[in-house]
Each structure stands twice: as C-alpha cells, then as structure tokens.
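**Q** The structure under discussion is supplied below as structure tokens; questions concerning it will follow.
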Amino acid sequence: QVQLVESGGGLVQPGGSLRLSCAASGSIRRIVSMGWYRQAPGKERELVARITGLSSTNYADSVKGRFTISRDNVENTVYLQMNSLKPEDTAVYYCKLWMYDSNYWGKGTLVTVSS
C-alpha cells in the first residue's frame, strides 16, 4: 500500500501565500507523476497542477502564474507553492500519485483564504 500525507494548509488572507507538501511512503514503485487537486464546497474536484518524473508540468488556467508545483524525486514528495491567494482558492486540496499501474489519493488539507 501507499500512503500520502499532506501538510501546509491553513487560513490565509487574500494576497497571501501558502506552501503545501505531500509525502509519499509505502510500496512505491515507478512513479509516473504527482499532483494536486482541489474541491471547493458544492463543486467537483478539479486538477490544480501536475508534475511528471521529468518535471513536465501542467496547471489549471485559474492558477497559472500564481501557483508552482515542484517535486523531490528522492524523497517522493511534491510541493505546491501558492502565491497571491484569492478567496476562490478556498478548498480542500488533495495530493494524488500516479504509478505505472495504480494511483492513490491523500486525505486532503484545507486551505481557507479569507480576511
């Protein structure tokens, strides 16, 4: 089994920054990519950012230029640096790991952007 543990969520004012981390452990084999999704109240879960083993990235249009995803391949950890946060970024953020033949989700970390 694989475990994903997210950290770094919290309450931040509009315009502020947060850095999320997700550490993967357990029966990790070939990781294809890691990424972040989010789900706001009453909305569907959506992809925020994804990074491959070769550090190719893609972002949701709503976060381009504000969020940066990065990855530590040795520690099997993925990060999401979130800058210029807006109230509409408020959501539970979930880490996801894609391996060659399976994928796993973290339990989520809450990000609240409010004054």
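**Q** Given the options 105, 91, 36, identify the residue whose Cα lies farthest towards the positive end of the charge dipole of the stretch 35-115 (+1 on Cβ of Lys, Arg; -1 on Cβ of Asp, Glu).
**A** About the Cα centre, the residue reaching furthest to the positive side is 91.
**Q** Using a ≥ b ≥ c from the Cα gyration tensor of the stretch 1-64 (square roots of the eigenvalues), is it rounded, prolate or oblate, where a/c under 1.5 gives rounded and otherwise the larger of a/b and b/c decides, a/b for prolate?
**A** prolate
**Q** Measuring with a 1.4 Å probe in the full set of protein chains, what accessible area per residue, in whole Å², belongs to the stretch 64-115?
**A** 51 Å²
**Q** Accessible area of the stretch 1-59 with a 1.4 Å probe: how many percent of it is carbon plus sulfur?
**A** 48 percent
**Q** Under 5 Å between amide hydrogens, which residues at least 5 positions from residue 48 or on another chain qualify, with H placed 1.01 Å from N in the peptide plane?
**A** It is 36, 37, 38, by chain and number.
**Q** Any chance you could look up the accessible area of residue 50 with a 1.4 Å probe, heavy atoms only, rounded to 10 Å²?
**A** So the heavy atoms of residue 50 present about 70 Å² to solvent.
**Q** Any idea what the relative contact order of the chain is, in percent, if you count C-alpha pairs under 8 Å spaced at least 6 apart?
**A** 37 percent
**Q** Can I ask one more? What does the extension gain come out to for residue 105 and residue 88, with contour length at 0.36 nm per residue minus their alpha carbon separation?
**A** 3.9 nm
The values are calculated or read from the model by the stated rules, or taken from the named source; none is laboratory data. As the structure is a prediction and not an experimental result, all values here were calculated from the model. Because the Cβ atoms are built from the backbone with ideal geometry, glycine has one as well, and the counts that use them run over all protein chains shown. Side chains are part of the model used for accessible areas, which takes the heavy atoms of the whole protein and leaves out ligands, DNA and RNA. Shrake-Rupley method; radii C 1.70, N 1.55, O 1.52, S 1.80 Å.
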